[in-house]
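Heads up, the thing below is written out as structure tokens.
The values are calculated or read from the model by the stated rules, or taken from the named source; none is laboratory data. Note that the structure is a prediction, hence the values are computed from the model and not measured. Cβ atoms come from the backbone with ideal geometry, glycine included; neighbour counts cover every protein chain shown.
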Amino acid sequence: MNKIELLAPVGDFECLKAAVQNGADAVYLGASSFSARASAKNFDFNELKEAIGYAHLRGVKVHLALNTLIKNSEFDDALFLAKEAYKMGVDALIVQDYGLCSMLLQYLPDLPLHASTQMSIHNLDGAMQAESLGFSRVVLSRETSLTSIEFIKNHSNIELEVFIHGALCISYSGQCLLSSMIGGRSRKPWKMRTSL
């Protein structure tokens, strides 16, 4: 059996410290933009660099969620954020947008990409499609049964990530765009980037 990685969500630096100090192997977090976790405080550029440094010093990996659908006008900013996170040492990017995935594979080919739960992947075909597109891991939908998870694991080579807690989402996993339209909680608009 492969080693199980305990991956915890962190919305601010205090949550990061708690996750690291209580045994998380990795954390995932959002930046100020392009994160479906818009109601979390999230991390600006300086905080992101500090968070990565804090976690890495303690042997904990950091995965950055760039898991919203990217508008044409946002691609340059999303790619800029990904490149800066890469320079800071982020361990992986969690992505929903296929177009962004394609660009990241071109510009940052050695940075692992994880297919976000926002992609609603819940079966073997979806997992194999994600692998063929260059993703190294798929975050399965929260609704995926244990039987389906086992089947996907036994018939594919891609790493699997599953949630072990519930969701507060009003819809099925991957439908946060609908949730944001109804309640406005799932996505913040991108603000113009600042130079570093």
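Is there a residue being free of Cβ contacts under 8 Å to residues at least 40 places away in the same chain, within 27 Å of residue 18 (Cβ to Cβ) and among the hydroxyl-bearing types (Ser, Thr, Tyr) anywhere in the range 74-86?
Within the range 74-86, one or more residues are free of Cβ contacts under 8 Å to residues at least 40 places away in the same chain, within 27 Å of residue 18 (Cβ to Cβ) and among the hydroxyl-bearing types (Ser, Thr, Tyr).
Among the residues of the range 1-20, what is the count of those that are exposed (fewer than 12 other Cβ atoms within 10 Å of the Cβ) and aromatic (Phe, Trp, Tyr)?
So the count comes out to 0.
Taking the conditions exactly as written (over 18 Å from the mean Cα position of the chain (by Cα), modelled with pLDDT under 90 and more than 22 Å from residue 100 (Cα to Cα)), does residue 182 satisfy them or not?
Taking the combined requirement at face value, the residue satisfies it.
For a quick check of your reading of the model, give me the residue pairs whose first member lies in the range 10-38 and is at positive phi and at pLDDT below 90, whose second is surrounded by 15 or more Cβ atoms within 10 Å (Cβ to Cβ) and part of a loop (DSSP other than H, G, I, E, B), with beta-carbon atoms closer than 6 Å and at least 6 apart or on different chains.
34/68
Residue check: is residue 86 out of contact with any His (no Cβ under 6 Å at 6 or more places or on another chain), modelled with pLDDT of 95 or more and more than 20 Å from residue 116 (Cβ to Cβ)?
no
Just name the residue that is farthest from residue 89 (Cα to Cα) out of those in the range 103-127 that are in contact with a Phe, Trp or Tyr (Cβ under 8 Å, 6 or more places away or on another chain) and hydrophobic (A, V, I, L, M, F, W, C).
124
Considering only residues that are part of a strand (DSSP E or B) and either closer than 11 Å to residue 55 by Cβ or more than 17 Å from the chain's Cα centre (by Cα) (or both), which ones fall in the range 5-23?
Selection gives 8 alone.
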